[in-house]
Amino acid sequence: MTVPRHVAIIMDGNGRWAKNRGLPRVMGHRAGAKAVRRIVEEAARRGIRILTLFAFSSENWKRPKLEVTALMQLFARALDSQTPDLKKNGISLRVIGDTSGFPEALQKKIRQAEAETADGARMRLNVAAGYGGRWDIARAAQKLAQKAREGALAPEDINEELLGRELAEPSDVDLLIRTGGERRVSNFLIWQASYSELWFSDILWPDFTGEDLDAALKYFKGRERRFGMISEQLQTPL
Ligand code: IPE
Ligand code: IPE
Ligand code: MG
């Protein structure tokens, strides 16, 4: 596979980008939203089929209330301004995560944007908001338990495939990118990224460009993905 089918990005470094310029953190988030628009276009142009962006983690609720509120407002504004372009460009939007704590008006905007772009077949854009990998797995387990209680499923039939199907985004991540210099997963797609190639960049998210994406894609191209096997098995598949 030359171009990864599913790319996931931990968009980190907005706060530091702003701080470096003597600006309030929220200005960094605003610049980050511009980078989202840019990278969504660049990803679609490169033939990536699924792009999952980490916008707000389940742990980010612990941030100062003012920052959380500003992020919600920015999200609403981004939906207003970017949805028409997504539609035009054949990109379907899905918001994955527990958004039940979001303002009602924002939840409604999310549903509208998802419905308006649902036909987009060129690329699927998942925005992970209120998302946590552990939340995702726990919720999948809950769904299976519900089915078991209803008698639609025997507990002993539960396996990785069935659980994986209940996740907010069932597709495995091929390439996981984190900007902003930290080398950790921060509870992102912990199940789906089991066999991802990992690319860490020191570039702060607002500065991330198509060229930086290309550097990650080039790295991906050079990887041998063995999935536990040995090289020789990949050359002559069993
Ligand atoms: C990532 O940037 C965006 C969100 C988590 C919402 P940060 O806000 O974490 O930026 P840094 O890590 O403080 O620079
Ligand atoms: C991860 O970034 C979450 C998002 C990018 C949305 P954080 O900045 O919240 O991660 P930690 O706390 O440094 O691990
Ligand atoms: Mg951060």
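The values are calculated or read from the model by the stated rules, or taken from the named source; none is laboratory data. Computed from a predicted structure; not experimentally measured. Here Cβ is always computed from backbone atoms with ideal geometry, including for glycine, and neighbour counts include all displayed protein chains. What goes into the accessible areas is simple: the full protein's heavy atoms, side chains included, and nothing from ligands, DNA or RNA. Shrake-Rupley method; radii C 1.70, N 1.55, O 1.52, S 1.80 Å.
What to note about this one:
- Comparing GLY13, GLY47, GLY180 in a Gaussian network model of the chain where C-alpha atoms under 10 Å apart are linked, the largest mean-square fluctuation is found at GLY47.
- Solvent-accessible heavy-atom area per residue, rounded to whole Å², over the chain at 1.4 Å: 54 Å²
- Cross-link reach list, aspartates and glutamates versus LYS218, counting only Cα pairs under 16 Å and skipping chain neighbours closer than eight places: GLU42, ASP174, GLU197
- Segment 6-224 - percent of accessible surface contributed by carbon and sulfur, probe 1.4 Å: 51 percent
- Set LYS87/LYS109; LYS34/LYS88; LYS65/LYS87; LYS87/LYS108 screened for pairs whose C-alpha atoms are more than 23 Å apart: LYS65/LYS87
- Three-way shape call for segment 138-186 based on the alpha-carbon gyration tensor, with the a/c threshold at 1.5: prolate
- Computed over the chain: relative contact order in percent, which uses C-alpha pairs under 8 Å that are six or more apart: 28 percent
- Aspartates and glutamates with Cα under 12 Å of LYS143, excluding same-chain neighbours fewer than 8 positions away: GLU166
- Segment 190-238 versus segment 34-63: alpha-carbon centroid distance in Å: 17 Å
- Legend: helices of the chain (whole DSSP H runs) are marked when their alpha-carbon atoms reach 15 angstrom or more along the helix axis and their mean Kyte-Doolittle hydropathy is at least 1.6; nothing is marked.
- Listed peptides 55-64, 146-155, 87-96 by packing density, highest first (mean Cβ within 10 Å): 87-96, 55-64, 146-155
- Highest average first, the peptides 223-233, 115-125, 203-213 ordered by how many other beta carbon atoms sit within 10 Å of their residues are 203-213, 115-125, 223-233.
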